[in-house]
Amino acid sequence: MSTTTDKQVTFSLLAKDGMGRRGRIDTPRGAIHTPAFMPVGTAGTVKAMYPEQVRETGADILLGNTYHLMLRPGAERVASLGGLHTFMDWERPILTDSGGFQVMSLAKLRKLNEKGVTFKSHIDGSSHELTPERSIEIQTLLDSDIIMQLDECISLPAERKEIERAMELSLRWADRSKTAFNNQKNRALFGIVQGGDDPDLRVGSAEGLKSIGFDGYAVGGLAVGEPQEVMFRVLSNITPELPEDRPRYLMGVGKPDDILGGIERGIDMFDCVHPTRAGRHGHAYTRFGVINFKNARHKDDPRPIDEASPNPNCRRWSRAYLHHLVRTEEILGAMVLSQINLAYYQELTAGTRAAIEAGRLADFAAETRAVWAAGDLPVL
């Protein structure tokens, strides 16, 4: 990322261990310690969480979604109300995605061409157009700190010809996104590497993006139906092709083992709706792995989730009570489990940062996976 003082958004690579990287992104709204997990505030809120609770888990940055916010309440309205930080009362950095993935996956009656994509809202059927220029405009109106280029994300598996077409279109849109961004101060613009599971297309995408020049580089088009081993192979091949002095962001990933594997392969930033979605569905992520509180094994268990956890919510309530909240669909259950999950994700990434600094990332990863494999506490 640019190290000039006029942009006021910089990246520092502080330590390396194998392919793992420990760094820091400095922005006018605060530092982002990497590897970092970004909780997803799709529509201006992290579901079932107060902003201060999200911060207390250790999150340095949130993600907002361009597609959802452009539809409701509208980017111009958010701007008139002081921008997304003021609107949702989050003072720290925000990254906004471009809206491209949601247009491809959620919108109705899409029509894609060189200019951009026209679509009908999944909410009310109203017609909209999203171009590279409009995506940058929306993200600027939202007052995002890190802005993403508009790209085309396709599902895998797919024919090579289709992957190549989408990758080349995304490169042309990347160039237009860079022009529209116009080197704004106090913000960063990330390009998105596409190319599916084809290593040559991924390298071609990376080379094209580097020739345009971005403040950071995201890897898109993964976690879209391919097996984990395919994702890891793509990452192992592509991260060495990305500039070492720029942050690397794996979009839409994932579960804890996906994140740990991404860090081992040189990724700095992650986001995913999974931890809060899992919390709303009765699942808790802990150092023991995932615990399903819908399961009747917990209904008479007086023990907390983990009495040795640094998270007080893991020590506060019995498993029996959490099982009760989940089975009765009480809102408190979703709130507590969402907090536990986000806190564990932050605990995991903080652990990797310390491990990289100490030169023991491989040991940390092996120890973490061993505890996951051993599983939850036995039934009483």
task = Name the residue farthest towards the positive end of the dipole of the stretch 162-246 from the options 234, 190, 180, assuming +1 on Cβ of Lys and Arg, -1 on Cβ of Asp and Glu, about the Cα centre.
result = 180
remark   = Gyration tensor on Cα atoms of the stretch 158-263, a ≥ b ≥ c root eigenvalues, a/c under 1.5 rounded, else prolate if a/b beats b/c, else oblate, says oblate
Loop GluC sites (Glu not before Pro), the stretch 324-371, which have at most 15 other Cβ atoms in a 10 Å radius of their Cβ (DSSP) = 329, 330
task = Work out, in µm²/s and without decimals, the Stokes-Einstein translational diffusion coefficient of the stretch 281-374 at 20 °C, 1.002 mPa s, Rh from Kirkwood over C-alpha pairs.
result = 153
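Can you sort 26, 97, 145 from fewest to most other Cβ atoms within 10 Å of each residue's own Cβ?
In order of increasing Cβ crowding within 10 Å: 26, 145, 97.
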note = Within the set 24, 327, 92, GNM on the chain using Cα springs under 10 Å gives the largest fluctuation to 327
ask   = How do 117, 230 rank when sorted from fewest to most other Cβ atoms within 10 Å of their own Cβ?
value = 230, 117
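Given the rule -39500 (n - 2.57) for each run of at least 4 DSSP H residues, summed and divided by the residues of the chain, what is its mean residue ellipticity at 222 nm, to the nearest 500 deg cm²/dmol?
Numbers: 15 runs with 158 residues, N = 380.
Here the helix-only value at 222 nm equals -12500 deg cm²/dmol.
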query = Given 0.36 nm per residue, what is the gain on full extension from residue 52 to residue 373 after removing their alpha carbon distance, in nm?
reply = 112.3 nm
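What FRET efficiency do you get for residue 288 and residue 15 if R0 is 22 Å and r is their Cβ-Cβ distance, rounded to the nearest 0.05? Mind dumping the intermediate values first?
Values: r = 29 Å, r/R0 = 1.30.
The computed FRET efficiency comes out at 0.15.
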Ascending count of other beta-carbon atoms within 10 Å, so fewest first, for 52, 164 = 52, 164
note = What the Cα atoms of the chain span along the principal axes, largest first and in whole Å, is 61, 48, 44
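Which helices count as membrane-span-like in the chain under these terms: full DSSP H, at least 24 Å along the axis by C-alpha, Kyte-Doolittle mean of -1.0 or more? Provide the component values of the computation, followed by the final result.
Details: long enough: 160-181 (31 Å, -0.95); 331-358 (41 Å, 0.64).
Within the chain the helices that satisfy the rule are 160-181, 331-358.
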ask   = Length gain on complete extension for the stretch residue 128 to residue 165, per 0.36 nm per residue less the alpha carbon to alpha carbon distance?
value = 11.0 nm
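Pull out the extension gain between residue 8 and residue 307, defined as 0.36 nm times the separation in residues minus the alpha carbon to alpha carbon distance; nm, one decimal.
Numbers: separation 299, 0.36 × 299 = 107.64 nm, distance 4.25 nm.
Result for the pair: 103.4 nm of gain on full extension.
Run the dipole for the chain about the Cα centre, Lys and Arg Cβ at +1, Asp and Glu Cβ at -1, nothing else charged, and hand back the magnitude in debye, nearest 20.
Dipole of the chain, to the nearest 20 debye: 620 debye.
In percent, what relative contact order does the chain have, based on Cα pairs under 8 Å that are 6 or more apart in sequence? Each step should come with its number before you reach the end.
Numbers: 771 pairs, mean separation 66.8, N = 380.
Reported as a whole number, the value is 18 percent.
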ask   = How many nm is it between the label spots at residue 212 and residue 183, if each spot is 7 Å from the Cα in line with the beta carbon?
value = 1.7
ask   = Which of the lysines could be linked to residue 111 by a straight reach, that is with a Cα gap under 27 Å, when you skip same-chain ones fewer than 8 residues away?
value = 120, 161, 178
task = Name the residue, out of 175, 17, 300, whose mean-square fluctuation peaks in a Gaussian network model built on the chain with Cα pairs under 10 Å.
result = 300
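None of the figures in this text is laboratory data; all of them are computed from the coordinates on show. The shown structure was predicted, so the numbers you read here are calculated from the model rather than taken from an experiment. Every residue, glycine as well, gets a Cβ built from its backbone with ideal geometry; the counts of neighbours run over all protein chains shown.
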